[in-house]
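Novice: I have a structure here, written as structure tokens, and I will follow up with some questions on it.
The values are calculated or read from the model by the stated rules, or taken from the named source; none is laboratory data. Being a predicted model, the structure only gives us computed values, none of them experimental. Positions of Cβ are generated from backbone atoms using ideal geometry, with glycine treated the same way; all protein chains shown enter the neighbour counts. What goes into the accessible areas is simple: the full protein's heavy atoms, side chains included, and nothing from ligands, DNA or RNA. Shrake-Rupley method; radii C 1.70, N 1.55, O 1.52, S 1.80 Å.
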Amino acid sequence: RMRAKLILFFLLFSIASYLSAQPIRKVLLRHDESFQPVAKGIGFKATPWLESDGRSLLFTADNRSHSIYVLTDNGNLIYSNDRRGQGPGDLQSPWKIEFSADNLFVCDMNGLSIFGKDLVFKSRMRLFKDVYSIAASDKHVFIVEGQSQALITAYDHSGKEVGSFGDRYHIDPYNGEGPITFRTYDTVYHLSNIVYGQNRVYFISQMLGDIFVYAEDGRLLKKIEFL
């Protein structure tokens with residue numbers, strides 16, 4: 001236990017030292033607009049996950065009210081889904097939303113639900129591993145899952161696994177206190193953001209800052225690793 005704590009302390013200390021040594025680039029931010037949703041009774045219970053679909057629509061996931069809201073860029077409510085539950089189209093603590101050209105993907109405790117952008121329910125993928133990050137293309141959903149063999153697993157929109165790619169960070173399963181510690185380390189190292197764009201899948205490590213770029217077929221195109 002003491003060894004695991006020391007390793008974690010030195011990891012955090014090393015990251016803090018690295019960040020403090022880097023010059024901070026300053027940019028000037030210009031305030032554009034602030035608004036509150038104008039629909040009566042709509043108020044976020046927690047900081048929402050916010051995404052834009054590129055058409056001046058804002059999609060927000062509020063995990064404490066178990067709801068998805070679609071707003072115009074001036075705050076007017078267009079659609080909402082506030083159906084808490086486990087049935088088709090219901091939500092349980094939604095925490096991540098992503099887009100393809102026609103679909104909205106919502107990750108929650110039930111799995112990964114697929115809606116149209118008008119919030120009409122289409123289907124649901126059941127997920128049986130921890131989900132760290134998701135991205136979507138018009139054909140595939142890319143997921144970084146906990147304790148998987150590969151870094152990224154690809155599914156089609158029906159939920160069928162179609163492939164996996166990328167090397168995960170190596171973690172010694174015998175270091176520390178066994179499986180519980182291994183799962184904790186796996187989570188810390190593989191928490192990430194993945195982004196899809198221009199037939200590329202970008203993996204960005206939240207822990208280490210590394211960036212890996214893959215083709216949609218899984219080929220590694222480029223990587224930037226920080227010492």
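Novice: Looking only at the stretch 60-100, which residues are assigned to a strand (DSSP E or B), open to solvent by less than 60 Å² (accessible area, probe 1.4 Å) and hydroxyl-bearing (Ser, Thr, Tyr)?
Specialist: Matches in the stretch 60-100: THR60, SER67, TYR69, THR72, SER80.
Novice: Tell me which residues, restricted to the stretch 181-213, are in contact with a Gly (Cβ under 8 Å, 6 or more places away or on another chain) and open to solvent by 10 Å² or more (accessible area, probe 1.4 Å). Can you show your working first?
Specialist: Going residue by residue through the stretch 181-213, those that are in contact with a Gly (Cβ under 8 Å, 6 or more places away or on another chain) are 182-183, 185-187, 190, 203, 212.
Across the stretch 181-213, the qualifying residues are PHE182, ARG183, TYR185, THR187, PHE212.
Novice: Right, next: Just need a number here: residues in the stretch 214-227 that are closer than 18 Å to THR153 by Cα, among the acidic types (Asp, Glu) and open to solvent by 90 Å² or more (accessible area, probe 1.4 Å).
Specialist: Qualifying residue count for the region: 1.
Novice: Does SER148 qualify as being surrounded by 14 or more Cβ atoms within 10 Å (Cβ to Cβ) and modelled with pLDDT under 90? So that I can check it myself, show each step before the final result.
Specialist: Values: surrounded by 14 or more Cβ atoms within 10 Å (Cβ to Cβ): yes; modelled with pLDDT under 90: yes.
The answer is yes for SER148.
Novice: Going by the conditions given, is SER164 more than 24 Å from HIS190 (Cβ to Cβ), buried (at least 16 other Cβ atoms within 10 Å of the Cβ) and not charged (D, E, K, R)?
Specialist: Working: more than 24 Å from HIS190 (Cβ to Cβ): no; buried (at least 16 other Cβ atoms within 10 Å of the Cβ): yes; not charged (D, E, K, R): yes.
Criteria not met by SER164.
Novice: With (1) at pLDDT below 80; (2) open to solvent by 60 Å² or more (accessible area, probe 1.4 Å); (3) in a loop (DSSP other than H, G, I, E, B) as the list, and ALA39 as the residue in question, which single condition is left unmet?
Specialist: (2) is the only condition that ALA39 fails.
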